[in-house]
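Down below is the structure, laid out as structure tokens.
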Amino acid sequence: MTQVTDSPRGWVNEHIRRYVETGGADGHEWKPGVPTLLLTTTGNKTGLRRRTALIYAQDGDKHVVVASDGGSAGHPAWYRNLDTDPHVHVQVGAEEFDATARTATGEERARLWPLVTKVWPAYDEYQAKTEREIPVVVLTAVR
């Protein structure tokens, strides 16, 4: 993979560093019962590869992430990058793979929301504090 720029947020950057250095042994489980993956997108303005750590849930063979940004008014940068290029790179533990990202809508989003809030209940609080509908993103491996 080409050079990657990690999240500029200090604690996220440190999490990513440990995750990568240990092949996910330190970092895959962020807190007890809260798994994380590393998502690499292509910057929609710069074209640079950008990596962040995200909490995820499983839906069969797919990984589901949430573009909450803590309930802020706008979408996180990684999500905006998907508009330009939905082809992403994912690391789950030691496993790495390319995937396609798409936003769940309608009934699918309604079905997935309880799945992600079971992993991270604070998503309900984040949704309550913003007017935007927080996107639920499905990552499908390209094998």
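The values are calculated or read from the model by the stated rules, or taken from the named source; none is laboratory data. For clarity, every value in this text was computed on a predicted model and none was experimentally measured. Virtual Cβ from ideal backbone geometry, glycine too; neighbours counted across all protein chains shown.
Computed quantities for the displayed model
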| read-out | value |
| --- | --- |
| Top-ranked residue of segment 103-123 - restricted to ones that are loosely packed, with under 14 Cβ neighbours inside 10 Å and of a type in the set (D, E, K, R), ranked as nearest to His15 (Cα to Cα) | Lys118 |
| Test result for Gly10, under 16 Å from Asp69 (Cα atoms) and surrounded by fewer than 14 Cβ atoms within 10 Å (Cβ to Cβ) | yes |
| Residue list for segment 32-69, filter: of a type in the set (D, E, K, R), under 16 Å from the mean Cα position of the chain (by Cα) and under 29 Å from Glu131 (Cα atoms) | Arg50, Arg51, Asp59, Lys62, Asp69 |
| Lone unmet requirement of (1) over 21 Å from Val119 (Cα atoms); (2) touching a residue at least 40 places away in the same chain (Cβ under 8 Å) for Val12 | (1) |
| Residue within segment 111-134 that is touching a Leu at 6+ places or on another chain (Cβ under 6 Å) and modelled with pLDDT of 95 or more present | no |
| Those residues of segment 33-48 which are surrounded by fewer than 18 Cβ atoms within 10 Å (Cβ to Cβ) and either of a type in the set (D, E, K, R) or part of a strand (DSSP E or B) (or both), in sequence order | Val34, Lys45 |
| Pairs, first farther than 12 Å from Lys62 by Cα and of a type in the set (Gly, Ala, Ser) in segment 87-99, second surrounded by fewer than 18 Cβ atoms within 10 Å (Cβ to Cβ) and at pLDDT below 95, C-beta under 8 Å, six or more apart | Gly93/Gly23; Gly93/Ala25; Ala94/Gly23; Ala94/Ala25 |
| Residue check for Glu96: more than 20 Å from Tyr126 (Cβ to Cβ) and out of contact with any Asp or Glu (no Cβ under 7 Å at 6 or more places or on another chain) | yes |
| Some residue of segment 81-101 being of a type in the set (Ser, Thr, Tyr) and in contact with a helix residue (DSSP H, G or I) (Cβ under 9 Å, 6 or more places away or on another chain) | no |
| Subset of segment 4-29 that is modelled with pLDDT under 90 and part of a loop (DSSP other than H, G, I, E, B) - its residue that is nearest to the chain's Cα centre (by Cα) | Ser7 |
| Pairs with Cβ under 6 Å, 6+ apart, first in segment 103-117 and free of Cβ contacts under 8 Å to residues at least 60 places away in the same chain, second of a type in the set (Asp, Glu) | Thr117/Asp124 |
| Given (1) under 21 Å from Val137 (Cα atoms); (2) surrounded by fewer than 18 Cβ atoms within 10 Å (Cβ to Cβ); (3) of a type outside the set (Phe, Trp, Tyr), number of the condition Arg18 does not satisfy | (1) |
